[in-house]
1. How high is the relative contact order of region 49-298, given as a whole-number percent (alpha carbon pairs under 8 Å, six or more residues apart)?
2. Using a 1.4 angstrom probe and counting only protein chains, how large is the accessible area of residue 169 in Å², to 10?
3. How large a share of the accessible area of the chain, in percent, is made up of carbon and sulfur atoms when the probe is 1.4 Å and the other protein chains stay in place?
4. Round to the nearest 10 and give me the degree value, 0 to 90, for the angle of helix 2-13's Cα axis relative to the longest principal axis of the chain.
5. Run the reach check for residue 293 against lysines, Cα to Cα strictly under 19 Å, same-chain hits fewer than 8 apart removed. What comes back?
6. Dividing the convex hull volume of the Cα atoms of region 49-298 by its residue count, what figure in Å³ per residue is obtained?
7. Calculate, for the chain, the solvent-accessible area per residue in square angstrom, rolling a 1.4 angstrom probe over the heavy atoms of the protein chains.
8. Taking only DSSP H segments of four or more residues, each worth -39500 (n - 2.57), what value at 222 nm results for the chain once the sum is divided by all its residues, to the nearest 500 deg cm²/dmol?
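The values are calculated or read from the model by the stated rules, or taken from the named source; none is laboratory data. Being a predicted model, the structure only gives us computed values, none of them experimental. When we count neighbours, we look across all protein chains shown, and the Cβ atoms used for this are built from the backbone with ideal geometry, even at glycine. SASA here: full protein model, heavy atoms, side chains in, ligands and nucleic acids out. Shrake-Rupley method; radii C 1.70, N 1.55, O 1.52, S 1.80 Å.
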Amino acid sequence: MAALLLGLLLFAMQSPPVPSRPMTDGGPPSPPTSLPADNGTATYPNGTLQQLPQIIIIGVRKGGTRALIEMLSLHSAVAAAQNEVHFFDWESHFQKGLSWYLTQMPYTYPNQLTVEKTPAYFTSSKVPKRIHQMNPDIKLLLILRDPTERVLSDYTQVFYNRLQKHKRYQPIESILIKDGEINLGYKALNRSLYYVHMQNWLQYFLLESIHVVDGDELIRDPFPEMKKVERFLKLEPQINASNFYFNKTKGFYCLRDHGRERCLHDSKGRAHPHVAPAILQKLYQFFHEPNKKFFELVGRTFNWK
């Protein structure tokens, strides 16, 4: 009996990992034949591997990062990490090293690209240097929305989180305004000062390495924005208009992939709280100059209020 129990225990410990996509040979990968090599990969006998990401979605929080990674995953040459890894911005994770980071990546085939998304990367001052040290040639995706809309989405997420936990919350007006003026101490406002954070990234990466996705357009009409992403990543054109359909009940686009339909979680696309027009006008005025500076930095404009 003891031998049988020992055998079962050893079997459980050696259970192979599950690949990120269905395997063509019908079986899961065997244990790796090599673990983190100098080129940032761990290989498996059946041809699958884990590799450090060649693409990172760096932000911004409440900009549409979940929608972007789900839409990008429609492409067969892309495999996405399932969770936000927070490797470069959380010290507790960063101290574990690249070998740990590699274990958080999906199992792929050699012809696939790996992507991870952590929206907090964009606004963390230490992240650009760390990513550049890992791979100076990495492709970065940054999805942005109208700064005022992004602030309202930021508040809405925190509002519902506190509501679900039966915690007290502050009305949005009391957070946005202090002594009759915009509350500069509100962190959500800082996250929408895109030019401040972009300047930091451009100290380490050329603008050509960072593709800015228009998050407002991705909501309104995702297909044209995803074609731009495909071109930036030099992917074979695969994503097409039939991959998207408008869900009238939810009020936004959902995805269709090989006959399967799926929508983002119900927490996405929540209605924003009502904000007095006078306060909205203060926000628009507050972001006017920072927006102009961002447009100059990236050499393009966006239809922001």
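1. On the way: 344 pairs, mean separation 56.7, N = 250.
Answer for region 49-298 is 23 percent.
2. Accessible area, nearest 10 Å²: 110 Å².
3. Here carbon and sulfur together make up 55 percent of the probe-accessible area.
4. Compared with the principal axis, the helix lies near 40 degrees.
5. The qualifying lysines are 282, 305.
6. On the way: hull volume 36.7 nm³, N = 250.
Normalising the Cα hull of region 49-298 by residue number yields 147 Å³.
7. On the way: 16280 Å² over 305 residues.
I get 53 Å² per residue for the chain.
8. Numbers: 12 runs with 113 residues, N = 305.
Taken over the chain, the calculation gives -10500 deg cm²/dmol.
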